[in-house]
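As structure tokens, the structure follows; a few thoughts come after it.
Read-outs throughout are calculated quantities, based only on the coordinates presented, and are distinct from any laboratory measurement. Bear in mind the structure is a predicted one, so any value in this text is a computation, not a measurement. We place every Cβ from the backbone using ideal geometry, glycine too, and count neighbours over all the protein chains shown.
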Amino acid sequence: MDTTNDRQVRLEPWAEDDFWLLRRTNSPEMTEHLGGPETEERLAVRHRRYLAIEAGRMYRVTLADTGETVGSIGFWERSWRDATVWETGWGVLPEFQGLGLAARAARAVVEAARATGTHRYLHAFPRMDHPASNVVCRKAGFELLGQVDFEYPKGQWARSNDWRIDLART
């Protein structure tokens, strides 16, 4: 019996020795909807930023039963429409995609953001041409608010979907 789709995930706080994961997710395949691969220097800056997040947190996503790393996810503050909200984003390694692990990780990060008690809303802004991330939002319980022009990375604008979950609701 294949129990792959029944596997649970665990969120491990981002650590100094997780830089390898940024390198793994820096492929053209993994960054297609994020502006493309970054230089080693930019990855080092991102890693330091992940380690230093004070409002929010980055995580390494692991399989709960084996501890094997499957990707990353996090949440951080963003100013959005005259309010401060949480934003989330994730990446799942290619060999683990299509198994529902990103949606499980997204549900776990919703709970982590909710537990802070800081902001009412958590948003995700996947590009419209990224169906897998939009499905993750739907499966994780986010509500689609509509299309927006979204800047990421800095200087690159794309048509994205604005997905939101109300953290005040349980």
* Asked: Among 125-133, 37-45, 53-61, how do they line up from the highest to the lowest mean number of other beta-carbon atoms within 10 Å?
  -> 53-61, 125-133, 37-45
* Hey, with R₀ at 25 Å, roughly what FRET efficiency would A52 and A115 work out to, going by the Cβ-Cβ distance, to 0.05? -> 0.80
* Would you work out which of T84, Y152, L63 lies farthest towards the positive end of the dipole of the stretch 4-166, given +1 charges on the beta-carbon of Lys and Arg and -1 on that of Asp and Glu, about the Cα centre? => T84
* **Spin-label zone in the stretch 69-94 - amide nitrogen under 17 Å from a point set 7 Å from the Cα of S27 along the C-beta vector** => 69-72, 91-94
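What FRET efficiency comes out for the pair E143/E41, r = Cβ-Cβ distance, R0 = 45 Å, nearest 0.05?
Between E143 and E41 the formula returns 0.75.
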* To do: Could you please report the charge total around R159, scoring K, R as +1 and D, E as -1 over all other residues with beta-carbon less than 12 angstrom from its beta-carbon?
  => -3
* Asked: Candidates (i) -0.49, -0.58, -1.58; (ii) -0.43, -0.52, -1.61; (iii) -0.43, -0.51, -1.41; which is the computed log10 I(q)/I(0) by the Debye sum over Cα atoms at q = 0.11, 0.12, 0.20 Å⁻¹?
  -> (ii)
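Length gain on complete extension for the stretch R78 to W20, per 0.36 nm per residue less the alpha carbon to alpha carbon distance?
On the way: separation 58, 0.36 × 58 = 20.88 nm, distance 2.63 nm.
Additional length available on full extension: 18.2 nm.
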